[in-house]
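The values are calculated or read from the model by the stated rules, or taken from the named source; none is laboratory data. All figures in this text were calculated on a predicted structure; none of them were measured in a lab. Note: ideal-geometry Cβ built from the backbone for every residue, glycine included; neighbour counts use all protein chains shown.
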Amino acid sequence: MSTRDPARPRQRQPELEHDYARSPALGYESADDTGLVRCIAHGFPTPLARWHFHDEYELHLITATSGKAFVGDWIGPFQPGHLALCGPRLPHNWISMDVPEGGVAERDLVIQFGHAPLAHAAEQIPEFAEVMALLERARHGIEFFGLSERALGHFHAVKAARGIQRWAAFCAYLADLARCTDFRLLSSVRMQGEQNDAESDRINTVVDRITRDYAQPLSAAGLAAELGLSESRFSRSFRRATGNTFTDFVNRVRVNRAGQLLMETDSLVMHICGEVGFNNLANFNRRFLEVKGLTPSEFRRQASQRFGGRQP
């Protein structure tokens, strides 16, 4: 049953979290206790659990309850031990589905930190290169596997420390995350690899074009000809640069744009299908299910839950 006031417009966009709203009463550390790194521990339900975004990175470790996580255009399950890093301005929310009467006192151990100081440090400290690669991936959200016990220890070490000791504990946490190879990216498509040759630059230009002109007819043969490459060479280079075949990449870009439209508009599925470049509804439904693990209609229904109990 909906608890939304019918006289108010339906909320579609995430809320921007402002620093002045970060009260210790909600679980935030006081301003006197924080520098670059801020620790937050909270239970559920809480006003902090809402569809929102902010300028900081946010590292979440779930310690109690299970439910659905919403990170950008990704929807998936979570349970205790779930560890995720969200980049700046990436909308997110975790909705617990099995909360006991009276709620839970601690569900989420969170660390927030800004980008600029780390980027400036990386300009002078070569060892920070691996951290910057981690932060680049975080733009789309990262879920880590096999790190929950170490993450719990890291959080409490950071939380208990102050000054340079907090910085050292935080760097140890980042180092474990940066070196973790068992992870998945959550929201949308991302470039993979660090190729620097001229051919890679041309492939990156093609990727930019796909993400801009996803609704237009696109073919590997046509784009290869524009680049002066054989189709087979183009396909090999494209897969090496993106981690996807050309067709899979185009479908993922189109499906992720469709997911955004399903979340933010009331447009009919058949209209969204054409708007993102699919000319066949059955093919659109099949590709959407392959990428998202849900049909478009089920994705829209589940996505409405990212606001918690305030939306139908």
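Are there helices (runs of 4 or more DSSP H) fully within the range 222-276 with at least 2 residues that are closer than 23 Å to P14 by Cβ? List them. Let's see the steps before the verdict.
Values: elements: 231-242, 246-264, 269-275.
Per the criteria, 246-264, 269-275.
Of all residues being among the charged types (D, E, K, R), surrounded by 17 or more Cβ atoms within 10 Å (Cβ to Cβ) and at pLDDT 95 or above in the range 137-189, which is nearest to R212 (Cα to Cα)? Just the residue, please. Before you say what the answer is, go through the steps one by one.
If we filter the range 137-189 for residues that are among the charged types (D, E, K, R), which is where we start, we get 137, 139, 143, 149-150, 159, 162, 166, 176, 179, 182, 184.
Retained after the next criterion (residues that are surrounded by 17 or more Cβ atoms within 10 Å (Cβ to Cβ)): 137, 139, 143, 159, 166.
With the extra rule that they be at pLDDT 95 or above, the set shrinks to 143, 159, 166.
Values: E143: 27, K159: 43, R166: 42 Å.
Taking the candidates together, the pick is E143.
Identify, please: which residue in the range 26-41 is farther than 14 Å from A157 by Cα and either touching a strand residue (DSSP E or B) at 6+ places or on another chain (Cβ under 8 Å) or aromatic (F, W, Y) (or both) and is, among those, surrounded by the fewest Cβ atoms within 10 Å (Cβ to Cβ)? So that I can check it myself, show each step before the final result.
As a first pass, look at the range 26-41 and keep what is farther than 14 Å from A157 by Cα: 26-36.
Remaining after also requiring either touching a strand residue (DSSP E or B) at 6+ places or on another chain (Cβ under 8 Å) or aromatic (F, W, Y) (or both): 26-29, 36.
Values: L26: 12, G27: 19, Y28: 21, E29: 16, L36: 15.
Looking at residues that are farther than 14 Å from A157 by Cα and either touching a strand residue (DSSP E or B) at 6+ places or on another chain (Cβ under 8 Å) or aromatic (F, W, Y) (or both), I get L26.
Can you find a residue in the range 243-252 that is touching a helix residue (DSSP H, G or I) at 6+ places or on another chain (Cβ under 9 Å), closer than 19 Å to S187 by Cβ, of a type in the set (G, A, S) and not assigned by TED's automatic domain parsing to the domain that holds P47?
yes
I'm told P117 meets every condition in (1) surrounded by 17 or more Cβ atoms within 10 Å (Cβ to Cβ); (2) touching a residue at least 12 places away in the same chain (Cβ under 8 Å) except one. Can you identify the failing condition by its number?
Tallying (1) surrounded by 17 or more Cβ atoms within 10 Å (Cβ to Cβ); (2) touching a residue at least 12 places away in the same chain (Cβ under 8 Å), P117 fails exactly one: (1).
Within the range 25-34, identify whether any single residue is of a type in the set (D, E) and part of a helix (DSSP H, G or I), and answer yes or no.
Initial filter on the range 25-34 (of a type in the set (D, E)): 29, 32-33.
Now drop any that are not part of a helix (DSSP H, G or I), which leaves 32-33.
Within the range 25-34 (the criterion being of a type in the set (D, E) and part of a helix (DSSP H, G or I)), the answer is yes, since at least one residue qualifies.
Identify all residues within the range 264-300 that are of a type in the set (A, V, I, L, M), free of Cβ contacts under 8 Å to residues at least 24 places away in the same chain and in contact with a helix residue (DSSP H, G or I) (Cβ under 9 Å, 6 or more places away or on another chain); write none if there are none. Let's see the steps before the verdict.
We begin by selecting, within the range 264-300, every residue of a type in the set (A, V, I, L, M); these are 268-270, 272, 276, 281-282, 289, 291, 294.
Now drop any that are not free of Cβ contacts under 8 Å to residues at least 24 places away in the same chain, which leaves 268, 270, 281-282, 289.
Scanning the range 264-300 gives M270, L281, L289.
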